[in-house]
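Notes follow once the structure below has been shown.
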Amino acid sequence: MTTYNELPRVTVLVPCRNEAAFIERCLDSIVHNGYPESLLQVLVLDGRSEDATAQLVRDFQERHSCVMLIDNPHRITSTALNLGIAAATGDYIVWMSAHNRYDAGYIERCIDWSLRSGADNVGGVIVAQPRDNTAFGRAIVLVLANRFGNGGSKFRTSVAEPVWADTVFGGCYRRDVFAKVGLFNEQLVRGQDFEFNMRLRRAGLRTLLVPTIRSTYFARSTPVEFLKHNWANGVWAILPFRYSDVVPVGLRHLAPMCFVGSIIASMLLGLVMPPFRFLALAILGAYGIATIAASASIATRERSVKLAIILPVVFWSLHISYGLGSLWAALRSTNALLRHAAMLARSTSDSELAR
């Protein structure tokens, strides 16, 4: 680890809105993380919360002078991050979520790995816990940590050793990264992290995922909250195509839309061409088998019959709601998707000509 005299000044950005239930726990885990408070600047970017969030931060600020509350009138994460970057005094800028509690040493490990690896962005893995200790809430966190559930997201499933990745949770950025790549895209309500990291990658910079950098995320635990959140995530897997000149998502983000779209398309075609009905049944059957297999594996590991019943419902809730959200957004973003397809085709053609 880096010695005290070598430690750089760090600015932590905490975007939040209506986080009264989580903000104190988050801030406590940041200021007591083990990094010297004298070298910390913690900026809480509040999106005009309608609960007690702002007052709780002010109370916390009285006890810890490194904490500062900043108003975010636009109320979205991307504008919060850009306000924080403008006000940052640190050599490194770390994005930390108000929904999380951070393991001791999180900040110093980010800095240490950035210094020793030369990475431009360093991040860790998240361990999900339910906000409510219910069977459905427990099933949700197990699904989110499962490769079949999350599409192979490395920062959710973890890795055995540090690896170069397309994106990470949050991120610890060297300050000069923003001069090279620009700021976060303020047209994106969600997905601004992945889109930024794709621009970072296009600029020839690198993102490192380190499994010993860990935090706990408190996941939504009720069916309604879970469905709404996944629908919105699905929508914002597609809408960024409207506002970015890079491919702003990974293939795993598009898989639920392709799955749901193929079922709907084959069922509609089956109305006039009966063989397509069997295609729809085949897709559903294959997905059903995969869901049962994944659920059985998790339930066996957890030794719970109840989970074996609930898990398939959670898998379906995640993938169907996400896929429908993406499909809804895709139908309203055809021009943007065609533009990106044309850009990809030109890029592929140019690469082939250069060989």
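So here's what we get for this one:
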quantity	calculated
Computed log₁₀ I(q)/I(0) - Debye formula, equal Cα scatterers, no solvent, region 108-195, q 0.14, 0.22, 0.26 Å⁻¹	-0.64, -1.14, -1.28
Virtual paramagnetic centre 7 Å along Cα→Cβ of Glu302, amide N under 20 Å, in region 112-137	126-137
Part-to-part distance (alpha-carbon centres) for region 102-147 and region 1-57, which is given in Å	17 Å
Extended-chain gain in nm, criterion 0.36 nm per residue less alpha-carbon gap, Lys180 and Ala203	7.5 nm
P(r) histogram, all alpha-carbon pairs of region 21-157 included - 5 Å bins from 0, percent	2, 9, 15, 19, 20, 17, 12, 6, 1, 0
Directionally averaged projected area (convex hull, Cα atoms, the chain), nm²	20.6 nm²
Modelled FRET efficiency - R0 30 Å, Asp166 with Gln129, Cβ distances, 0.05 increments	0.75
Cα-projected label distance for Asp28 with Val189, points at 7 Å along beta-carbon direction, nm	3.3 nm
Extension gain from Ala290 to Asp71, taking 0.36 nm per residue of separation minus the Cα-Cα distance	74.2 nm
Largest to smallest principal axis extent of the C-alpha atoms in region 205-315, angstrom	54, 47, 27
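Rule-based calculations on the coordinates, nothing more; no lab input. Keep in mind that what you see is a predicted model, and the values were worked out from it rather than measured. Please note: Cβ atoms are built from the backbone with ideal geometry, for glycine as well, and neighbour counts cover all protein chains shown.
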